[in-house]
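What follows is a short report on a single structure.
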Amino acid sequence: MKEIYQKLRSLTGKSYGLYKSLAQKTWKFGDFELEFLHVQGDPYAPPSRLKFRIPLSALGFSPELANNAVKRLALADFLLRRLAEEITAQSVGVDFPISIANPGQEILTRNSLWVGGPSENEGVAIVEATLWVKLPGDHRMVDVPNACDILTSILPDTLSTSLYCFGEGAIESARRHIESLEVRTELLAALEMAKLVAFVPDGAILPRASGISELPLASAVSFKSPPEMRVTLKACGREITGMGIPKGITVIAGGAYHGKSTLLSALEKAVYPHIPGDGREWIVVDSTAVRICDEGGRSVRNTRIAPLVRELPSGISTENFSTLSASGSTSEASNLLEAIEFGAHTVLIDEDTSAVNFLIRDPRMQKLVGASREPLIPLIDRARELTSLGLNIVLVAGACGDYLNVADTVIVMNQYQPEWATHRAKEICASEPPHRLPEDHPPFIQGLSRSLLAYVEELLPHVRPTSPVERQVKVRVQGGRLQIGFVEAEIGPIPQFCDSAQRYGAGLIVLNLLQNAVDKPSLECIEKIYAQIANVGFRKIPQGMNRDVALPRPAEIAMTLLRLRNY
Ligand code: ADP
Ligand code: MG
């Protein structure tokens with residue numbers, strides 16, 4: 001601390017730009033090591049980026065709390081939340097100079113707080129916290145008294161209050177956080193063993209506080225599994241009972257406002273772990289599950305949509321379909337076929353957010369338009385075929401009764417509670433045969449014609465800095481729009497992104513894939529870089545240190561890649 005104090009004193013009367021000299025070395029900062037990753041150019045510029053490193057043992061946590069990757073992820077999330085809470089508490093009503101990423105309900109690999117394993121760090125677990133600090137200026141000069149106050153008093157106090165393990169309370173909460181993630185991890189393994197697509201434990205809280213808050217709804221009716229679908233999974237010595245959704249086609253039916261979409265959304269979000277107390281922390285779903293929606297207006301590049309769309313007007317190819325603005329049904333067909341190509345074994349579809357003609361075609365329309373003039377093969381005609389190829393479908397249908405004919409399992413949501421209705425649905429289907437005219441479709445052939453290498457080579461010339469003063473290609477995320485040099489993608493509509501840190505993470509990884517595209521950016525390349533970051537954090541992608549970054553799934557990285565277009 002003394003060293004940095006003396007350095008700051010030496011900047012008395014110096015111009016603000018000399019703060020940059022702080023970035024020349026690593027500072028000893030009590031038990032921490034401090035590194036300035038970025039120093040702002042003037043007092044009004046975005047804040048500076050500071051990284052603190054400390055051995056886990058120096059914080060008072062036992063090494064046993066970080067001896068595997070699951071524990072380290074949970075502990076990092078726990079520490080980040082403590083630090084973020086402390087900073088928020090101190091920021092009330094004042095212009096507080098320190099800020100850090102504020103995580104939502106999911107537990108994600110983030111660069112804001114990383115717990116590194118002993119193997120990569122000479123035998124000791126390391127904690128790295130990266131935060132934003134506004135360096136104070138006195139007009140165009142360094143404001144030395146305030147800088148000393150922030151760096152040698154406020155910062156050390158904030159870090160020590162939140163990161164050091166004081167008392168039994170802190171250890172207990174850390175253990176609870178870690179155990180919750182361990183249970184979830186074992187539940188996921190048990191889900192696979194039991195050959196289920198998803199599991200919702202009894203007592204789970206599914207609805208959220210509001211459309212703009214991911215917190216649990218206070219007055220929620222807690223989940224109770226129907227006896228016919230009840231299963232018990234073992235995890236960390238516990239027996240947890242709940243509803244198991246089997247493989248195949250599952251239809252979630254029910255009246256309006258009875259909780260159908262809420263159940264599907266909970267499954268969709270369960271691809272990520274949630275914090276204890278969220279209500280969804282032990283819901284698990286096939287980790288490759290992808291939510292498929294109507295995404296009218298999306299850009300599609302060389303996707304083979306022929307299995308769902310025969311030929312389009314004016315001879316537009318569906319073997320190699322490209323458009324800057326897809327229609328509702330063609331966007332949804334592209335979303336489904338791309339998800340399958342990039343490894344999804346389960347798709348989640350809600351009538352509310354689907355193109356109707358993508359889902360069904362009723363007999364009157366069949367007669368009026370005629371099969372020869374209708375390019376679309378509705379999903380209902382492909383559903384069984386897709387299931388026989390290994391795809392599971394969970395579909396919310398309040399109106400499309402045709403799906404009852406192809407369903408393996410039918411759930412009816414009634415007053416926010418699920419009822420098993422497979423038997424009743426089968427009886428109804430048997431007594432009321434479908435009125436649809438049979439249509440003759442060529443068999444579903446998987447695999448896209450697109451060469452991803454050609455795709456990348458087409459984009460590469462546009463992956464260059466957007467202005468002459470920039471040395472590197474910058475990745476920007478504004479709302480739902482991602483920009484990588486002169487290449488951009490509308491990624492806001494991708495449903496399973498959690499926050500902008502994750503969108504930014506996807507952008508960085510895609511840039512990395514494009515720039516290192518020695519081989520075609522196949523699913524394996526994406527999975528490789530994903531596994532690497534999950535293992536060692538974002539340090540191999542240094543550009544990421546200057547932003548709050550979180551790791552998305554391989555599926556979201558692929559979806560980002562497939563939406564790129566140059567401008
Ligand atoms: P549906 O898709 O069946 O029309 P939604 O899932 O959109 O219905 O739910 C309708 C409303 O009911 C939403 O405001 C949701 O938050 C609320 N809701 C859903 N599940 C529950 C529950 N278990 N307890 C209390 N409210 C719930
Ligand atoms: Mg709904």
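Tell me yes or no: at least one residue of region 234-243 is at pLDDT 95 or above, of a type outside the set (Lys, Arg) and either within 16 Å of ligand 2 (Cβ to nearest atom) or within 19 Å of the chain's Cα centre (by Cα) (or both). Within region 234-243 (the criterion being at pLDDT 95 or above, of a type outside the set (Lys, Arg) and either within 16 Å of ligand 2 (Cβ to nearest atom) or within 19 Å of the chain's Cα centre (by Cα) (or both)), the answer is no, since none of the residues qualifies. For Arg49, the requirement of being surrounded by 15 or more Cβ atoms within 10 Å (Cβ to Cβ), among the charged types (D, E, K, R) and either in a loop (DSSP other than H, G, I, E, B) or touching a Leu at 6+ places or on another chain (Cβ under 6 Å) (or both) is met. In a residue-by-residue description of region 367-377, the property of being closer than 18 Å to Asp294 by Cβ, in contact (Cβ under 8 Å) with a residue 12 or more places away in the chain, within 16 Å of ligand 2 (Cβ to nearest atom) and buried (at least 21 other Cβ atoms within 10 Å of the Cβ) applies to no position. Taken over region 224-242, the criterion of being within 22 Å of Glu179 (Cα to Cα) and in a strand (DSSP E or B) is satisfied by Val231, Thr232, Leu233, Lys234, Ala235, Arg238, Glu239, Ile240, Thr241, Gly242.
Here Asp286, Asp294 are screened, and the one residue that is among the charged types (D, E, K, R), more than 30 Å from Ile178 (Cα to Cα) and either within 16 Å of ligand 1 (Cβ to nearest atom) or within 23 Å of the chain's Cα centre (by Cα) (or both) is Asp294. Filter region 59-86 down to the residues that are more than 27 Å from the chain's Cα centre (by Cα), part of a helix (DSSP H, G or I) and surrounded by fewer than 16 Cβ atoms within 10 Å (Cβ to Cβ) and list them by number. Pro63, Glu64 - these are the residues of region 59-86 that are more than 27 Å from the chain's Cα centre (by Cα), part of a helix (DSSP H, G or I) and surrounded by fewer than 16 Cβ atoms within 10 Å (Cβ to Cβ). Screening region 351-380 for residues that are at pLDDT below 95 and acidic (Asp, Glu) and picking the one that is farthest from Gly259 (Cα to Cα) gives Glu374.
Contact annotation: residue pairs with Cβ atoms under 7 Å, 6 or more positions apart or on different chains, pairing a residue in region 247-273 that is part of a helix (DSSP H, G or I) with a partner that is buried (at least 19 other Cβ atoms within 10 Å of the Cβ) and basic (Lys, Arg), are Ala266/Arg280; Glu268/Arg291; Lys269/Arg280.
For Ser314, are the conditions met, namely being small (Gly, Ala, Ser), surrounded by fewer than 22 Cβ atoms within 10 Å (Cβ to Cβ) and modelled with pLDDT under 95?
Here the answer is yes, as Ser314 does meet what is asked.
Entry remark, region 183-213: residues being over 21 Å from Tyr257 (Cα atoms), surrounded by 16 or more Cβ atoms within 10 Å (Cβ to Cβ) and under 21 Å from the mean Cα position of the chain (by Cα) number 10 in total.
Looking across region 385-429 at every residue that is outside any strand (DSSP E or B) and β-branched (Val, Ile, Thr), the one that is farthest from Ala344 (Cα to Cα) is identified as Ile428. For region 234-283, filtered to residues that are within 13 Å of ligand 1 (Cβ to nearest atom) and among the polar types (S, T, N, Q), the residue that is nearest to Ala407 (Cα to Cα) is Ser261. Are any of the residues in region 325-334 more than 19 Å from the chain's Cα centre (by Cα), closer than 22 Å to Asp402 by Cα, of a type in the set (A, V, I, L, M) and within 16 Å of ligand 2 (Cβ to nearest atom)? No, region 325-334 contains no residue that is more than 19 Å from the chain's Cα centre (by Cα), closer than 22 Å to Asp402 by Cα, of a type in the set (A, V, I, L, M) and within 16 Å of ligand 2 (Cβ to nearest atom).
The values are calculated or read from the model by the stated rules, or taken from the named source; none is laboratory data. What you see is a predicted model; the values in this text were computed from it and never measured. Note: ideal-geometry Cβ built from the backbone for every residue, glycine included; neighbour counts use all protein chains shown.
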